[in-house]
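Since the structure comes first, as C-alpha cells, the remarks are kept for the end.
The values are calculated or read from the model by the stated rules, or taken from the named source; none is laboratory data. None of these values were measured; they are calculated from a predicted model. Counting neighbours? That spans all protein chains shown, and the Cβs are built from the backbone with ideal geometry, glycine included. Each accessible area value is taken on the protein alone, full model and side chains, heavy atoms only, with ligands, DNA and RNA left out. Shrake-Rupley method; radii C 1.70, N 1.55, O 1.52, S 1.80 Å.
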Amino acid sequence: MFLWFQSRCDLNIKSNNSSHHTELYGEERLIVRRGQPFVIVLRLNSDSKDFKLGETSFTLIVETGPLPRKQSGTKFTFSLSDHTVDTEWSASAISNSPRNTVSVSISSSPNSPIGVYSLTVDQEGQKTSLGQFTLLFNAWCPGDAVYMRSEPERQEYVLAQHGQIYRGTCKRITGTPWNFGQFEQGILDICLKILDENPKFVSDADKDCSARRNPIYVSRVLSAMINSNDDRGVLTGEWVNFVGGVHPGLWIGSGDILRKWAKSGPVKYGQCWVFAAVACTVSRSLGIPCRVVTNFGSAHDGNANLVIENLYNEDGERIDNHAAARLFQYIMNFHVWVDSWMTRPDLGSEYDGWQTSDPTPQETSDGVCCCGPASLRSIKEGELTKKYDAPFIFAEVNADVVDLVRQSNGEFVKFSGSTNSVGRFISTKAVGSDKRDDITHQYKYPEGSKEERKVYERAKHNNKLQQQGEVPGLHLKIKLSDNMMVGSDFEVYAVLTNNLMEARTCNLMFFAKAVSYNGRLGESCGFTSDKVTVPAGEERRVSLRLKYDSYGSVINSDRLIQLSAIAINKQTIDYHKAEKTIVLDAPEIKIKLMKEATVNKPVTAEMTLLNTLPEPLKDCSFTAEGVGLTDGKPITVKYVIEAVGPKQEARASVKFTPSSAGSSVLLVNFDSDKLRNIKSFINVVVKY
C-alpha cells in the first residue's frame, strides 16, 4: 500500500525532550539520547491511502556526518516492525489516530555515533525529508557505555548546571562557584562544533564521525581541543602575562568562553580550573557524566621516574625546578582536571567507571597536548601499562618526594624526603549538595599503608627508592597566625624542636616567596635568618613578619605565599626543612536580593565588598551570572566612584530578569586593579 507523506512531520519535541532529559535545551529542536525510543507523528496527504497497522510499511533512513556510510556506522536504514528493539535502530507504528497521521516509535542503537542526524522516509523509492534531530550519549540507558545506575548521580554529573571547583592549599581548601551552563542557548551547537574543528575530523571526517560512538575517543578529543596548543582549541593557557586577554581568575562560567571561541577562535586566557570547567561543560552537554576534580599537592613528573626532586644550594635556598631543565619536576599547590564515567572494553570490565582526563596543556601524548582518559582503577593499582597516560597521572597523585642539596663540587646529597606529600585531599563537589567530597581513596590506598607502598613499588618496576625521614632528635615546622587577611601584616613562625639529650646549634633561614597555584615561585616577600641554639628537650622559634608593603606587589590573584624554613649545620652536613604554602583570606562579597525572584519580572541584587587593603582600589567592577537568571550571559557593572579607599565598601547593584522557575545560583565576581579573583554566590529560588 503506497502512502504520500507531507514534507514535514511532527517531531513531538516537547514530549520527546522531556522523556530524554533534554527539555532544558528548549523546544526549538529534537534532542534525544541514544538507546531510548522517541515518538514522531507522520502526516499523510489528504489523498493518501489509509494507513493500516501491520499491513502498511515503509523505510526510515538516519544519517550523520558529511559522508554518511553504512560501513562506517553513520547511516542506518530500517523498516517498520512489530516492535522496537533496544540494541539497534528500529521503528514500529504505534497508532494511526486521528486519520491521516501515523505515530511511529523510533529507537536508536546505544552504540551509535553522537551528532546531528537527518531523518528521511522512503516508500518504494519515494523519499521525503522529515527533519533533523541531535543524538547524545545516554547515562539512563543500560546499553550505553556511559550508563550510571544512580539517579542522584545522573542529576549531578549530567544535568547540574552549576557546581564548585576547589582551590587553595591542602590546609585551606576553598570552593569556587562555577556556572557550567551546558543547557544554555547555543552551547550544544558549540560543543558539536568543537568536535568538527578537531584535526582528526579535518584529516578524515568519515573515520572521526564513526569514532564518535565511543566516549573514550570523544573524551580524548576534548582533552586536546579544550586547549589551543596544537589546534584551534578553545582556550589559550597563560600563567604570567595576561595582556591582550582575560585574566583566568575573572571567568565565572563556561558559556561566555565557549561563545567567544565560536565567534573568533581561541580565547585568552585559561589555567587548570578553567580548562577543567569548560571540559566538564562540553562533556555534560554531549551526555557524558563528568565531574571536576582538584588534587592538592599535585606533582608534575617531567622525566617519568615517579619521583619529584627538590633542589637546594648549600645556603638552603630553593632552586626553582621550573627552570631546571635537568628535571622539569615540581609540585603544584593544586591542580584541576575532570573525571568522566564510561566503560573500558579496551582494558577490561574491571577498569570501568571513572576515567581521568586533563585538558590543561602540560606534556604531550601521541604528539599532542592531551592527557587521558585513564582508568582510576589502573591509577589506584599502579597498572601503568594501561592507556592512556597512566604513568603521568599516577605521579600527579602518588609520586615520592626527595630533597637534595647541591654541594660546591656539583654532587647532590639527599637530606630529606616524603612519601605522603603528593596527592592529598583529592576533592570534588558532593552529589546533591555544595559540600566537598574527598575522593582520595578512589585514586590510591591510604598513605603509608602496605597496599599503597606495594602499588608504588609495582609502579616503579622494582626500582626501589630508599626511604629516609627526618634526622632523629631535631624537628622543624612552620606555624601560622590566625588572621591572614590580604592587606594585613601578620607573623609566621619557624619552630625548631630538640628531642635529644644535648643542645644543638643550627643556622636557621626563613624564606617567604610569592607562588602560583602550579608551584611556580615568584619574587621574595620576606626573609630572616638567625643562629639558633636549642637546649635539650626545648624548642626555639624564629618569627618572620610578612608586611603588605612587601607581599602586596608580588603575589598574584591566587593570593599564595610559600614559606620555607631551612636549618643547617654545615660541619655535620645536617639539614632540616619545613615548607608550607599559605593562602591569604579574601574579603567577602555580600549579595542580597531586594525582592523575591519571579519569572519574567526584573529583580535587583545588591553587592558589597569591604576593601581590606591599606590602599585604594581602582577600576572596580562586579560581574554576575546565573543559569536561567541572566539570559546566559555575564552582567558586568563597573563601580562609578573612581576609587574605593581603605576600609571602605565597594557597592553595586545588578538587575536581571529570571527566565525560568526553579532553583538556580547567582555567581558574583569582584575585580579591581589590586584585588582580583574574589567570588561568591547565593542560591536563588525563582517562583512563577
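Per residue, the Cα convex hull of the stretch 474-583 amounts to 94 Å³. By a 1.4 Å probe calculation restricted to protein chains, residue 162 has an accessible surface near 60 Å², given to the nearest 10.
Within the chain, the selection of entire DSSP H helices by a Cα span of 18 Å or greater along the long axis and an average Kyte-Doolittle value of at least 0.5 returns 272-286. Using R0 = 35 Å, the C-beta based FRET efficiency linking residue 431 and residue 230 works out to 0.50. Bridgeable lysines around residue 268 (alpha carbons under 16 Å apart, same-chain partners fewer than 8 residues away excluded): 260. In the chain, taking the dipole from charged Cβ atoms about the Cα centre, the farthest positive-side position among 598, 21, 113 is held by 598.
Here's the picture: a label point sits 7 Å out from the Cα of residue 153 along the beta-carbon direction, and within the stretch 413-439 the residues with their amide nitrogen under 20 Å of it are 426-439. Take residue 379: with every protein chain present and a 1.4 Å probe, its accessible area is about 0 Å². Solvent exposure of the stretch 561-625, expressed per residue, is 42 Å² of accessible area, with all protein chains present and a 1.4 angstrom probe.
Normalised by the number of residues in the chain, the mean separation of alpha-carbon contacts (under 8 Å, six or more apart) gives a relative contact order of 9 percent. Kirkwood hydrodynamic radius computed over the stretch 117-170 comes to 15.1 Å, based on all pairs of distinct alpha carbons. Each residue of the stretch 441-446 was assigned a 3J(HN,Hα) from its phi angle through the Karplus curve 6.51 cos²θ - 1.76 cosθ + 1.60 (θ = phi - 60°); the sequence is 5, 6, 9, 7, 6, x Hz, with glycine and proline shown as x. Cα extents for the stretch 82-143 along the principal axes, largest to smallest and rounded to whole angstrom: 37, 22, 19.
Close amide H pairs (under 5 Å, H built 1.01 Å from N) link residue 308 with 400, 401, 402, residues at least 5 positions away or on another chain. Report summary: the helix-based calculation at 222 nm, which adds -39500 (n - 2.57) for every DSSP H run with n ≥ 4 and divides by the residues of the chain, gives -4000 deg cm²/dmol. Match the structure shown to one of the listed values (1) 35; (2) 41; (3) 46 of percent of Cα pairs over 37 Å apart, computed from it, and give that label. Correct label, based on the coordinates given: (3).
Shown for the stretch 318-456: the carbon plus sulfur share of the solvent-accessible area, taken with all protein chains present and a 1.4 angstrom probe, equals 49%.
Candidate cross-link partners of residue 590 among the aspartates and glutamates, defined by an alpha-carbon separation under 17 Å and a same-chain spacing of 8 or more, comprise 606, 625, 649, 671. Taken over the stretch 328-414, the ratio of Cα radius of gyration to 2.2 N^0.38 Å equals 1.34. For the stretch 467-548, with all protein chains in place and a probe radius of 1.4 Å, 45% of the accessible heavy-atom surface sits on carbon or sulfur.
Each of 266, 449, 157 was scored by the projection of its Cα onto the charge dipole of the chain, and the greatest displacement toward the positive side belongs to 157; charges sit on the C-beta of Lys, Arg, Asp and Glu. Excluding ligands, DNA and RNA, what is the solvent-accessible area per residue of the stretch 63-179 at a probe of 1.4 Å, expressed in Å²? Ligands and nucleic acids excluded, the figure is 42 Å² per residue.
Computed log10 I(q)/I(0) for the stretch 589-686 at 0.22, 0.23 Å⁻¹: -1.02, -1.09, from the Debye equation with unit scatterers placed on every C-alpha and solvent omitted. The listed peptides 125-131, 352-358, 187-193, ordered by packing as a protection proxy, come out as 352-358, 187-193, 125-131 (highest mean of other Cβ atoms within 10 Å first). In a reduced charge model with +1 at each Lys and Arg Cβ and -1 at each Asp and Glu Cβ, the chain shows a dipole moment near 660 debye about its Cα centre.
Quick one: work out the % antiparallel among DSSP beta bridges in the chain, nearest 5. Taking every DSSP beta bridge with both residues in the chain, the antiparallel ones total about 90 percent. Ranking 413, 654 from most to least accessible surface, computed with a 1.4 Å probe over the protein chains only, gives 413, 654.
Normalised by residue number, the volume inside the convex hull of the Cα atoms of the stretch 346-394 is 69 Å³ per residue.
Amide H to amide H distances under 5 Å link residue 74 with 69, where only residues 5 or more positions off or on other chains count and H is placed in the peptide plane. The simple Förster model, with R0 at 25 Å and r as the Cβ-Cβ distance, assigns residue 655 and residue 619 a FRET efficiency of 0.70. Of all aspartates and glutamates in the structure, the ones whose alpha carbon falls short of 16 Å from that of residue 450, not counting any fewer than 8 places away in one chain, are 381, 400. When 520, 212, 318 are compared by accessible area of protein heavy atoms, the largest-first order is 520, 318, 212, using a 1.4 Å probe. Comparing Cα centroids, the stretch 606-649 and the stretch 497-560 end up 35 angstrom apart. Shown here for the stretch 119-203: GluC sites (Glu not before Pro) in loop regions (DSSP other than H, G, I, E, B) with at most 15 other Cβ atoms within 10 Å, namely 124. Across the stretch 179-458, Cα-Cα pairs farther apart than 23 Å form 55% of the total.
Here the stretch 204-222 and the stretch 61-97 have alpha carbon centers that stand 21 Å from each other. Amide hydrogen proximity for residue 269: with H placed 1.01 Å from N in the peptide plane, the residues at 5 or more positions away or on another chain lying under 5 Å are 246. Debye-formula intensities of the stretch 520-662, expressed as log10 I(q)/I(0) at q = 0.12, 0.13, 0.18, 0.21 Å⁻¹, are -0.72, -0.78, -1.10, -1.28 (one equal scatterer per alpha-carbon, no solvent). Using a probe of 1.4 angstrom and keeping all protein chains present, the accessible surface of the stretch 260-415 works out to 30 square angstrom per residue.
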